[in-house]
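What follows is a set of notes on a single structure, which appears directly below.
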Amino acid sequence: MPVSDHMRRLLLDTIAANINEMVIGFDGTPSTNSDGAAGRPAIVLNPSVRVIDDSTLLVEALIPATEAFDDTIKEVYIQFRGTSFIPVARHTIVPIRKTTTNEVRIQLLIEVK
């Protein structure tokens, strides 16, 4: 028997309430379901998290113009950090060159089924 719609929404709201860090990194290796941390982290951001519908979250953060990196950004790692950390998702992205002449807004859709 599938989980009820109410339980799925409760799960989604719980995940949304607990995501509190977005780690941007330089590691471009392929993402897997068992990734446990960001490779070569560049910056840790506090994302905003919004429930889009009954199965989708939008996780969003901005890297301000004041930040610049010598290497290109190639990964985004979402986690919950309390007394320890719980990985939520890791994504490799098209490399982005971040200088002081640009801002970068990272937006991820996470589908929970």
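For S31, the residues whose modelled amide H falls within less than 5 Å of its own, excluding neighbours fewer than 5 places apart on the same chain, are T92. The H on the amide N of A89, modeled in the peptide plane, is under 5 Å from the matching H of I78, each at least 5 residues off or on a different chain.
Helix content alone sets the calculated 222 nm mean residue ellipticity of the chain: runs of n ≥ 4 DSSP H residues at -39500 (n - 2.57) each, divided across all residues, give -4000 deg cm²/dmol.
Determine ³J(HN,Hα), in whole Hz, for all residues of the stretch 48-62 in sequence, where each value follows from phi through the Karplus function 6.51 cos²θ - 1.76 cosθ + 1.60 and θ = phi - 60°; x replaces Gly and Pro. For the stretch 48-62, the Karplus-derived couplings read 9, 10, 10, 7, 8, 8, 6, 9, 9, 10, 10, 10, 9, 8, 10 Hz, x marking Gly and Pro.
Compared with the dominant Cα axis of the chain, that is its longest principal axis, helix 5-18 is turned about 30°.
Shape of the chain from the C-alpha gyration tensor: prolate (a/c of 1.5 or more and a/b above b/c, with a ≥ b ≥ c the square roots of its eigenvalues). If R0 is 30 Å, the Cβ-Cβ spacing of K113 and A65 corresponds to a FRET efficiency of close to 0.20.
Throughout, read-outs are computed from the coordinates displayed, never taken from laboratory work. These numbers come from a predicted model, not from an experiment. Cβ coordinates were reconstructed from backbone atoms using ideal geometry, including for glycine residues, and neighbour counts include every protein chain displayed.
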